[in-house]
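To start, the structure under review is shown below, and the notes come after it.
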Amino acid sequence: MNADGIDPRSELDLGTAGASAHAEFLRRRGSDDQRRREMFGKHLAPLIRVIAGERQSTTAWERGGRGEEMVGTYLSHAVGAIGVLLHDRAIPGRRANIDHIAVVPSGVWIIDTKQYRGHVQRRERGRWFTSHPALFVNGRDRTDLITSVLHQMALVERTVGAAAPLHAALCFNGVEWSWLSRPFTINGVSVTWARRLGRSLCQPGLLAPTTIVALAGRIATAFPSYGVTQTPPTAPGRRRSAR
């Protein structure tokens, strides 16, 4: 707090975790309802919706938004007053977003939240002398998620510069971790879950509180929240890619 007892972070637009995903879910559900009314009439359409259920491509947005909200809420409470958590940040000029950006004593963290099912694994791909690490989720190669969050980090680096160390994390929600599971890294990206990521964000570092607030303000301006941009995201498989 400053001399007037005002926390400078209160002046920042922190954003709302999962806001753009929830808005896209509502938009798609409305389009689905309109399509059913055109096909079956306004009286029969609600019954068709109950019988057939929502389209999977529509409900994926709802699940993703809930996952982002849960992770965002947990991380914000975990970090508390030692840092700033920015949520649902738009990338200007692109139909993509960054789920969370944390500015804490250890630096700036770019966090991509994924609401998936199944096991998360680090595997080696390729031949004996040319193997490389790969990310598998529920038996599928999802190393593209690593590439995506690294690209997001590169974009944020243009704003941060040399002012703070940068870190990247994929935070999975809803997947299966064994009791002996530990976070792992692939190409410098931490693959983890909310509780363990919260511990990482609370590690000590060199950034002073005033630097954290100033840096968070700069990032918030460069990457505005969904509430400011109201920009529709892209399709579920591409939404979090900054391409």
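Laboratory data are not the source of any read-out in this text; all were calculated from the coordinates shown. These figures come from a predicted structure and were not determined experimentally. Every residue, glycine as well, gets a Cβ built from its backbone with ideal geometry; the counts of neighbours run over all protein chains shown.
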If I model segment 14-229 as equal point scatterers sitting on the Cα atoms and use the Debye formula, what is log10 I(q)/I(0) at q = 0.08, 0.09, 0.11, 0.12 Å⁻¹?
-0.33, -0.42, -0.60, -0.69
Note to self: C-alpha centroids of segment 103-176 and segment 179-217 sit apart, in Å, by 13 Å
Estimated FRET transfer efficiency (M39, R95; beta-carbon r; R0 22 Å; 0.05)
0.15
Applying a 10 Å radius around every beta-carbon, put 68-80, 179-191, 87-99 in order of their mean neighbour count, most first.
87-99, 68-80, 179-191
Where does the charge balance sit around A78 when Lys and Arg score +1, Asp and Glu -1, over other residues with C-beta under 14 Å from its C-beta?
+3
So R27 and F129, fully extended at 0.36 nm per residue minus their Cα-Cα distance, gain in nm 31.8 nm
How long is the gain from E11 to T159 if the chain were fully straight, where each residue apart is worth 0.36 nm and the alpha carbon distance is subtracted?
51.3 nm
Would you kindly state how much longer the chain becomes between Q203 and T221 on full extension, computed as 0.36 nm times their sequence separation minus their alpha carbon distance, in nm to one decimal?
3.9 nm
Within segment 188-220, what residues put their amide N at less than 17 Å from the label point 7 Å along the Cα-to-Cβ vector of S181?
190-200
